[in-house]
């Protein structure tokens, strides 16, 4: 807090038009905000807080399905889960989710920019197109990728019909070099899983980006050009920093569900693409080892929270958010 | 920074067409280096489009723009040594005040950006807020930041797009004086776009009055006011009383006879354009006197009087129903009452003469936006 010196006086002088004195106190109905909050709070308590507590309790119980479980504060389940099968699947999940998020940003940013500033009267129509996939079930959408990427699927038949198979082969050898496919087929590979994740979560990237970019004052872009910034510099110094809140929101909405997703890996992957969601799923539903499944869920949640917090801090967007 | 060679800004036969609308219609202008130039006109007259073409934000459909004989017509905004103070200020919200001011210098790789930016902030008396964000500043302060951000680059031409439009009247007066001071201090060419005739007259060395995409008249404020070339300029710059008249013949002493509604008056021959007989005689309200002091006299009846302290404004109805406005300084002379019959007079040479084929209402109230 600076001392009340001459500098402060001149600042206050400029604010001479600020209202003086506190506004008159008037009777406020204090219960209104709580009444407005109540439905959401009740919903979250029943469907989020209670299940989370029950899951936490489950992770510390011992017993089996036939004889029932008892809370014994058995922390060893966590150590056991970590040592048995956690890390390869966890790291793979984070990498796949990270790559899918980066791709979604790469495709989504220009798309959001186009819709926000260049689409004119087509704006609403294009926005509807962005969310149109939601009209179909997640499973169907993901299965559709089998038809696209599969042997003699849409991609291969189109390539051979147009005599562009050499382009596809060139693409495949690129993917092989990146270890995203191992054989000649595109399906059942890391490439297919990442494609599915990118596709399925793209709308979650585009919509927050759109709402941010749409609010960007294009006069600032003009001002940057007027102040000797080339188009590249204008993007780096003005447009991108101002888009950060949208980028952060979009990447979080894409990365978090993608990291925990297992449908894409089940339907489009192979045994070498198992993601952490699949492990949790099989522990719950096939092995029926509830404590281990619950412990894995908690570890995943913690890791994601740490990643998200670090990311938001590093992006420096706390004040923009 | 390499010393850039400054010079006159010339706009030659520039036209800007937006689909069916011609915003700027074949204008030609030379703005001398170091002058404070105003483009004045009602909204939609093409003044802002002209400014944007100089800035490079719009490109002319035809014509050329040069600075110091260098053709800049097709250059991108960031390639020309021209900066703009935007009407909306357009300060970068994610940067603090010093970073905003330094933006242009840093894009051009000026090593000395910090010192120069601090000096520019000192010039607009805002050093104390260097580390604040634009939203923490009042409108007047933001305006000064926008000015500093443009000035610091020492452009060949500084463009001001209605820079004072968003400020309240008192602050606007203050900033007008401030802008004028800064311009004479830094000696750059300022091109100021405004619809406020008083603002243009207060600040500019010369003014181009624009209307419907072309320049109505170009000149220094006094010439424009005393000798408007069209009814549009006469009405847009201040108030005018336009009397329908006919030049009837020469009189002695460099004067000419004219008759308005059967009343013989004398006008300065030098002010009558060659070969014109059907004319408007224009007299500014403050040139008219209540009482028979001047050589030309008209009888009338006071229909309205409003006392403003410094002066009193009268409306006087002439016998044929036309009302003239008379402004009488509060110099101690007796004030007329509403309903009183009075004589309104002026001396030959105080009037200006315009072609009667022009619309007497052109430019009336055109700045009410």
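The values are calculated or read from the model by the stated rules, or taken from the named source; none is laboratory data. Small disclaimer: the values here were computed from a predicted structure and weren't measured. Cβ sites come from the backbone with ideal geometry, for glycine too, and all protein chains shown count toward neighbours.
Points worth noting:
- Residue satisfying all of: in region B:71-87; at the interface with another protein chain (Cβ under 8 Å from one of its Cβ atoms) and under 20 Å from the mean Cα position of the chain (by Cα); farthest from residue A:215 (Cα to Cα) among these: B:84
- Any chance residue A:183 is farther than 30 Å from residue B:53 by Cα and either part of a helix (DSSP H, G or I) or under 25 Å from the mean Cα position of the chain (by Cα) (or both): no
- Number of the exception - residue B:277 against (1) in contact with a strand residue (DSSP E or B) (Cβ under 6 Å, 6 or more places away or on another chain); (2) closer than 19 Å to residue B:346 by Cβ; (3) surrounded by fewer than 16 Cβ atoms within 10 Å (Cβ to Cβ): (2)
- So residue B:63, is it surrounded by fewer than 21 Cβ atoms within 10 Å (Cβ to Cβ) and either in contact with a helix residue (DSSP H, G or I) (Cβ under 9 Å, 6 or more places away or on another chain) or facing another protein chain (nearest Cβ under 9 Å) (or both): yes
- Residue in region B:184-199 that is touching a strand residue (DSSP E or B) at 6+ places or on another chain (Cβ under 7 Å) and either within 30 Å of residue B:296 (Cα to Cα) or assigned to a helix (DSSP H, G or I) (or both) present: yes
- Test: residue in region B:81-99 that is without any contact (Cβ under 8 Å) to a residue 40 or more places away in the chain, under 23 Å from residue B:156 (Cβ atoms) and in a helix (DSSP H, G or I): no
- Selection count, region A:216-230, where residues are closer than 13 Å to residue B:57 by Cα, more than 7 Å from chain B (Cβ to nearest Cβ) and surrounded by fewer than 20 Cβ atoms within 10 Å (Cβ to Cβ): 2
- If you go through region B:145-182 and keep only what is under 18 Å from residue B:88 (Cβ atoms) and free of Cβ contacts under 8 Å to residues at least 24 places away in the same chain, you end up with just B:168.
- Any hit, region B:58-70, residues being touching a residue at least 24 places away in the same chain (Cβ under 8 Å) and within 20 Å of the chain's Cα centre (by Cα): no
- Within region B:121-133, the presence of a residue that is in a helix (DSSP H, G or I), within 12 Å of chain A (Cβ to nearest Cβ) and within 17 Å of residue B:163 (Cβ to Cβ) is excluded.
- Matching entry among B:98, B:91 (being at pLDDT 95 or above and either over 28 Å from residue B:50 (Cα atoms) or surrounded by fewer than 18 Cβ atoms within 10 Å (Cβ to Cβ) (or both)): B:98
- A single entry from B:43, B:138 fulfils the requirement of being out of contact with any strand residue (DSSP E or B) (no Cβ under 8 Å at 6 or more places or on another chain), closer than 30 Å to residue B:228 by Cα and either surrounded by fewer than 19 Cβ atoms within 10 Å (Cβ to Cβ) or within 14 Å of chain A (Cβ to nearest Cβ) (or both): B:43.
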